[in-house]
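The values are calculated or read from the model by the stated rules, or taken from the named source; none is laboratory data. Source: prediction; values computed, not measured. FYI the Cβ positions are ideal-geometry reconstructions off the backbone, even for glycines, and counts take in every protein chain you see. For accessibility, only protein heavy atoms count, side chains too; no ligands or nucleic acids. Shrake-Rupley method; radii C 1.70, N 1.55, O 1.52, S 1.80 Å.
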Amino acid sequence: RSEEWMRQRADKLKENVRTLFWNSNDVIVRMNLVDAIQRLGIGHLFEEEISTTLSDIHASEFTSSSLYEVALRFRLLREHGLWVSPDAFDKFKDEDGRFINRVDNEPRGLLSLYNAAYLLVHDEPQLEEAISFSRHHLKSMIHGSNLKHPLANQIERALHLPLPRTYKRAETLHYISEYGQEEGHISILLDLAKLDFNLLQGVHLKELKAISKWWKDLNGYVGLSYLRDRVVESYTWSHMLFYEEGLALTWIIFTKIITLTIIMDDTYDSHATIQECRKLNEAIQRWNESAISLLPEYLKKFYNKLLNNFKEFEDQVAVNEMYRVDYAKKEFQKLSHYFLQEAEWSHNNHKPSFQEQLALSTKTSTVQLLCVSTTIGRGDAITNEAFKWAASSTAVTACAKILRFMNDIASFKRGKNKGDMASIMESYMNEHKVTSEVAFAKLDSLIEDEWRTIIQACCEHHQLLPVVQRVVNLAICIMFFYDKRKDAYTFSTHLQEIVRSLFVKPIPM
């Protein structure tokens with residue numbers, strides 16, 4: 001089909017779907033509609049309708065006695081920053097506060113409970129119990145092999161990674177193939193999902209080609225033999241944060257900033273002498289062409305490209321957005337300072353304590369810079385209040401810790417750590433005199449704590465949800481890249497199939 005035909009067909013289907021929102025007052029029907037739309041990857045087409053629907057559901061009395069429906073409502077509302085008390089599940093418990101036996105044989109309800117419970121915040125033991133209870137029974141069901149497709153596959157995926165932490169675009173690929181087999185599925189949703197995915201895929205592939213050309217020109221110009229070619233991985237990272245059409249400028253700027261950061265990191269980490277590191281940081285802090293003379297010959301072209309790219313970012317955005325580029329530049333300068341501090345520790349053979357290591361490595365995670373970068377090119381869609389939140393919130397720090405913990409776990413598993421400096425894993429093991437397995441368990445526990453901080457931010461800052469959601473997506477992105485304690489950013493063979501599915505292979509209509 002031609003692109004023009006696909007767009008016309010998609011526009012017609014969008015209007016048909018919009019009528020579905022208003023043709024029913026049944027809360028259950030509307031919840032299932034929102035859930036299907038979001039999992040099929042077309043939620044970005046109906047943001048206003050979804051927001052209005054969920055606000056109505058949140059404000060309405062809900063008396064269902066179905067575990068599936070109660071858990072679905074809980075998950076949909078908390079995902080959108082609308083607070084729901086865990087007391088909603090009390091009706092499924094006995095007087096001792098334990099889940100009653102009759103719900104342990106409801107696979108669909110248990111899966112709904114399991115996914116919902118992972119939206120817990122701090123001090124919610126009821127939801128911790130819900131996770132433990134549902135996980136135990138879902139595992140038993142999987143081993144029993146009596147589950148029908150696609151429920152069995154959905155349970156297996158959730159047991160590996162619960163739905164609120166799943167890379168949404170990958171889940172879309174699964175769900176598009178499964179939705180048509182579900183009882184009561186709506187065919188126009190599936191048709192629209194396939195059309196929208198393929199249309200966006202064409203847009204993304206063009207952007208990926210453009211950013212690949214930029215990288216080729218940059219790499220050829222700076223001539224640094226030690227650079228890692230990670231432009232596709234970096235673009236995939238940005239795609240995980242936002243894939244909606246109309247955000248091309250944000251995708252491109254975000255990907256370029258990641259790439260420039262990687263060049264700087266590799267220079268500090270594995271190539272420059274400590275004297276060269278100090279000079280590079282001095283030049284970056286000055287941020288002026290006159291500082292080129294400070295640098296060794298091999299870094300002058302990189303520094304020139306760094307200044308030019310940020311100048312181009314300023315030229316590409318609206319005047320009222322230039323402050324965001326300036327803030328990103330300042331975050332880049334801070335990052336350089338933190339990279340230098342790591343290099344100084346390594347040079348002086350300093351063995352930091354666990355807390356020292358955590359404090360610095362959280363700052364070198366790049367997450368603060370990345371969160372600011374997600375706001376560039378968004379125009380008035382991001383308010384000044386939202387920008388300030390993205391630049392300095394506790395949720396951003398929590399996301400940075402998740403990245404650092406998962407990165408260091410993966411580094412330890414493969415037997416390599418950043419430079420010669422001890423990783424967080426090693427710092428914890430040395431300080432507490434414990435085995436790697438104990439350290440793994442500790443870091444996994446800390447990751448769970450940071451997730452709770454992020455989810456809490458969703459509910460506390462509902463009015464800033466578009467920006468908060470980018471932080472959630474970044475945490476999800478981290479879970480994806482470091483899945484199974486592997487580093488798919490460094491070892492990109494783990495990404496080959498998903499990259500083909502996202503950017504190359506269209507979904508059969």
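Would you mind checking the range 100-134 for residues with the amide N under 13 Å from a putative spin-label position 7 Å along Cα→C-beta of W83?
121-122
Scaled to the compact-protein estimate 2.2 N^0.38 Å, what is the alpha-carbon radius of gyration of the range 239-393, rounded to two decimal places? Mind showing how you got there, number by number?
Working: Rg = 16.3 Å, N = 155, 2.2 N^0.38 = 15.0 Å.
Expressed relative to 2.2 N^0.38 Å, the Cα Rg reads 1.09.
Hey, if we sort K206, K91 by accessible area with the 1.4 Å probe, largest down, what's the order? Write down the numbers at each step before the final one.
Numbers: K206 135, K91 95 Å².
Accessible-area ranking of K206, K91, largest first: K206, K91.
Just subtract the alpha-carbon distance of K505 and H136 from 0.36 nm times their residue separation and send over the number in nm, one decimal. Show your work: numbers first, answer last.
Values: separation 369, 0.36 × 369 = 132.84 nm, distance 3.71 nm.
So the extension gain works out to 129.1 nm.
Rounded to the nearest 0.05, what FRET efficiency is calculated for T394 and K12 with R0 set to 35 Å and r the Cβ-Cβ distance? Provide the component values of the computation, followed by the final result.
Numbers: r = 45 Å, r/R0 = 1.28.
Efficiency for this residue pair is about 0.20.
Kirkwood hydrodynamic radius of the chain from all distinct Cα pairs, in Å? Spell out each step's value before the answer.
On the way: mean 1/r = 0.0409 Å⁻¹.
About 24.5 Å, per the Kirkwood formula over Cα pairs.
Mind giving me the nanometre distance, one decimal, between the label points for H143 and Y298, set 7 Å out from Cα along Cα→Cβ?
5.6
Which whole-number percent is the relative contact order of the range 352-489 (Cα, under 8 Å, 6+ apart)? Spell out each step's value before the answer.
On the way: 133 pairs, mean separation 45.2, N = 138.
With pairs under 8 Å counted, the relative contact order is 33 percent.
Residues in the range 275-313 near a label at K213, defined as backbone nitrogen under 19 Å from the 7 Å Cα→Cβ point?
309, 312-313
Give the relative contact order (percent, whole number) for the range 3-192; include only Cα pairs under 8 Å separated by 6+ residues.
So the answer I get is 24 percent.
Round to a whole number: what % of the accessible area of the range 352-489 belongs to carbon and sulfur, probe 1.4 Å? Please report the intermediate quantities before stating the final value.
Values: 2530 of 5100 Å².
Its accessible area is 50 percent carbon and sulfur atoms.
Starting from the alpha-carbon convex hull of the range 3-192, give the projected area averaged over all orientations, in nm².
On the way: hull surface 45.4 nm².
Average projection, Cα convex hull of the range 3-192: 11.3 nm².
With a point put 7 Å past each Cα toward its Cβ, work out how far D483 is from I498 in nm, to one decimal.
So the label points at D483 and I498 sit 0.5 nm apart.
Express the relative contact order of the chain as a whole percentage, based on alpha carbon pairs under 8 Å and six or more residues apart in sequence. Mind showing how you got there, number by number?
Numbers: 545 pairs, mean separation 87.4, N = 509.
Over the chain, the number comes to 17 percent.
Distance in nm between label sites at S51 and D26, each 7 Å beyond Cα in the beta-carbon direction?
Simple spin-label model gives 2.8 nm for this pair.
Quote the accessible area belonging to K401 in square angstrom, nearest 10, computed with a 1.4 Å probe and with ligands, DNA and RNA left uncounted.
About 50 Å², rounded to the nearest 10.
In Å², what does the accessible area per residue of the range 3-192 work out to with a 1.4 Å probe? Could you put the intermediate results ahead of the total?
Working: 8950 Å² over 190 residues.
On a per-residue basis, the range 3-192 sits at 47 Å².
Tell me the Rg and the Dmax, in Å, that the Cα atoms of the range 344-466 produce.
When restricted to Cα atoms, the range 344-466 yields Rg and Dmax of 16.6, 52 Å.
Assuming 1.002 mPa s and 20 °C, estimate D for the range 414-493 with Stokes-Einstein, Rh taken as the Kirkwood radius over Cα pairs, in µm²/s.
On the way: Rh = 14.8 Å.
Approximately 145 µm²/s, per Stokes-Einstein.
How far is helix 436-460 tilted off the main Cα axis of the chain, in degrees rounded to 10, range 0 to 90?
70
When the accessible area of the range 3-192 is split by element with a 1.4 Å probe, what percent falls to carbon and sulfur? List each step's numbers first, then the result.
On the way: 4120 of 8950 Å².
In the range 3-192, the share of accessible area belonging to carbon and sulfur is 46 percent.
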